[in-house]
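Okay, so here's the structure we're looking at.
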Amino acid sequence: MTVLDLDTIDLDQPIFDPEAFRLSDKEAELNARARKIGQTNFAPRAAMYDREAIFPTENYRDMHEVGLLGICVPEEHGGAGAHFRGYATTAAEIGRYCGSTALTWNMHVCSCLWTGPLSDDLEMSADDREEHLRRRAMHYERIIDKGAIYAQPFSEGGAAAAGVVPFSTSAKRVYGGWLINGKKIFASLSGSANYYGVLCGEMKPGERPSRRDTMYIAVPADAEGVKVVGDWDPLGMRGTVSRTLIFEDVFVDDDAALMPRGVYYQAASRWPHMFMTLSPTYLGIAQAAVDFTVRYLRGEIPNTGPEKRRKFPTKQIALAQMFVMLQQTKALWFQAVTEAKADPSKEQVLRAYAAQYTVMENANELCQLAIRTCGGQSMLKTLPLERLYRDSRCGSLMLPWTAELCLDRIGREALYKPGETDD
Ligand SMILES: Cc1cc2nc3c(=O)[nH]c(=O)nc-3n(C[C@H](O)[C@H](O)[C@H](O)COP(=O)(O)OP(=O)(O)OC[C@H]3O[C@@H](n4cnc5c(N)ncnc54)[C@H](O)[C@@H]3O)c2cc1C
């Protein structure tokens with residue numbers, strides 16, 4: 001089906017009913033656009049990307065065609081001008097139909113969200129602001145006009161991606177630009193992105209590396225010295241193709257800086273919800289597990305036998321428990337994404353950790369309940385549930401807000417004020 005035929009299909013109900021959740025018209029329209037293309041085009045392809053562990057290139061072409069690549073590009077630059085919640089609720093709809101597409105789309109969209117609405121909330125000198133606006137316009141033009149795709153490699157295997165120490169991938173100032181050296185692991189979209197939005201530390205002669213000197217730099221995938229190495233045969237999220245990237249004396253010019261000096265550090269300190277952008281994918285998976293279970297028990301999934309399993313009271317109770325868990329997850333998550341802004345209150349930050357933890361853990365719990373409730377046939381590879389189960393397992397591992405780190409932070413920050421000790 002081409003993206004132009006989408007109005008002819010019988011659509012699933014929205015995850016977030018626009019009236020009930022008081023979505024803006026723009027948010028509702030973006031959610032519907034994602035649901036249409038997800039249901040018609042992404043869902044039928046998802047098994048193939050998973051089986052082959054290949055990047056969903058066709059889905060990205062479709063997203064460009066329907067304007068979703070530029071969802072967070074400001075309207076004056078030709079984008080949809082969505083803010084955090086508009087992106088997050090739309091991404092949940094995509095995650096419902098293809099986890100790998102939604103997860104990689106997060107990496108791409110961050111390049112626009114961080115340089116756009118989020119940077120607009122942060123402090124910069126007038127000169128930096130002027131330069132930033134000029135540079136981001138170039139970056140948006142590539143996305144809107146050419147369909148350029150951005151990856152977001154920050155993981156290095158150590159504590160940097162957890163936000164504890166500076167990145168060891170380095171950016172050295174040279175005439176006319178930067179020289180990048182380092183290695184990034186788990187770089188989703190490797191080999192398929194046009195640009196790698198690399199988080200790296202500026203090397204300052206005679207100074208110790210500092211997280212304050214983190215730079216966010218767009219490295220063209222075809223730049224000399226960029227290599228994709230290693231294989232990719234994981235448990236889940238196989239379509240993300242998250243291989244290892246090597247940067248060896250890669251030169252990029254000044255305009256490759258996606259944020260001025262010091263602004264990434266400011267963002268990470270003042271706009272903490274920026275690290276929640278991986279969660280919508282898993283909220284979509286949670287919804288998909290419940291959707292599937294309802295259809296399965298109603299006897300609507302082809303070739304799973306004549307039995308309508310819904311008549312068994314144990315199945316009804318199990319579905320009810322799943323429904324309760326999904327509603328709890330959606331309500332907390334929606335509240336947290338609605339609160340995303342610069343300088344949130346302590347309670348809002350704790351709620352964001354709680355929402356992230358809840359989505360990542362409950363998505364997997366709902367998938368395992370779905371398998372138990374539907375029964376043996378539901379885990380066959382001809383049906384989507386076993387893929388949802390494998391994909392959902394990855395959510396809790398995603399740095400910097402892994403499920404463990406969210407618990408660590410809630411415990412610590414709820415009990416201590418900044419700087420407070422027991423001495
Ligand atoms: C499908 C998938 C796609 C991904 N895509 C990307 C991507 O596009 N870009 C990207 O940058 N990353 C990506 N990641 C990586 C992800 O965010 C994590 O960085 C990665 O899973 C960490 O793997 P690890 O084995 O190094 O984890 P771990 O060993 O668990 O963590 C790495 C380090 O973090 C610190 N740490 C971890 N847990 C704790 C804790 N509880 N307390 C204190 N410190 C802790 C430690 O220093 C530890 O050595 C992806 C991961 C997956 C599974």
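Overview of results
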{"item": "Along the chain, longest interval not containing exposed chymotrypsin sites (Phe, Trp or Tyr not before Pro), exposed being DSSP loop plus at most 11 other Cβ atoms within 10 Å", "result": "176-415"}
{"item": "Least to most buried among M63, M322 (fewest other Cβ within 10 Å first)", "result": "M322, M63"}
{"item": "Residues whose placed amide H lies under 5 Å from that of V219, excluding near-sequence neighbours", "result": "Y196, G197, V198"}
{"item": "Those trypsin sites (Lys or Arg not before Pro) in the range 246-317 that DSSP places in a loop and that have at most 13 other beta carbons within 10 Å", "result": "R298, K308"}
{"item": "Under Karplus coefficients 6.51, -1.76 and 1.60, residue-wise ³J(HN,Hα) of the range 108-114 in Hz, glycine/proline x", "result": "5, 5, 4, 5, 9, 5, 5"}
{"item": "Convex hull volume per residue in cubic angstrom - Cα atoms of the chain", "result": "153 Å³"}
{"item": "Choice from L118, L380, L199 with maximal GNM fluctuation in the chain (Cα, 10 Å cutoff)", "result": "L380"}
{"item": "Relative packing of 392-398, 50-56, which averages over residues the other C-beta atoms within 10 Å, highest first", "result": "392-398, 50-56"}
{"item": "Antiparallel DSSP beta bridges within the chain, as percent of all bridges there, nearest 5", "result": "85 percent"}
{"item": "Members of K183/K341; K204/K417; K146/K227 lying beyond 26 Å, as alpha-carbon distances in this model show", "result": "K183/K341; K204/K417"}
{"item": "Over the chain: helical MRE at 222 nm, DSSP H runs n ≥ 4 each giving -39500 (n - 2.57), nearest 500", "result": "-14500 deg cm²/dmol"}
{"item": "Interchain or long-range residues, amide H under 5 Å from I71's placed H", "result": "A80"}
{"item": "Hz values of 3J(HN,Hα) by residue in the range 248-265 - Karplus curve (6.51, -1.76, 1.60), Gly and Pro given as x", "result": "10, 6, 7, 8, 10, 7, 3, 5, 6, 5, 7, 9, x, 3, x, 7, 4, 4"}
{"item": "Neighbourhood net charge (10 Å Cβ-Cβ; Lys/Arg +1, Asp/Glu -1) for R298", "result": "+3"}
{"item": "Local electrostatic count, A47, Cβ distance below 9 Å [Lys/Arg +1, Asp/Glu -1]", "result": "+3"}
{"item": "Least to most buried among V250, V164 (fewest other Cβ within 10 Å first)", "result": "V164, V250"}
{"item": "Phi to ³J(HN,Hα) by Karplus 6.51 cos²θ - 1.76 cosθ + 1.60 over the range 326-342, Hz, x for Gly, Pro", "result": "5, 5, 4, 5, 4, 5, 5, 5, 4, 4, 5, 6, 5, 8, 4, 5, 6"}
{"item": "Nearest-ten-degree value, helix 279-297 long axis tilted from longest Cα axis of the chain", "result": "10 degrees"}
{"item": "Ranked list, fewest to most other Cβ atoms within 10 Å of each Cβ, for D343, D233", "result": "D233, D343"}
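Values in this text are rule-based calculations from the coordinates and carry no lab data. Please read all numbers here as calculations on a predicted model, not as lab measurements. All Cβ positions, even for glycine, are placed from backbone atoms using ideal geometry, and neighbour counts span all protein chains on display.
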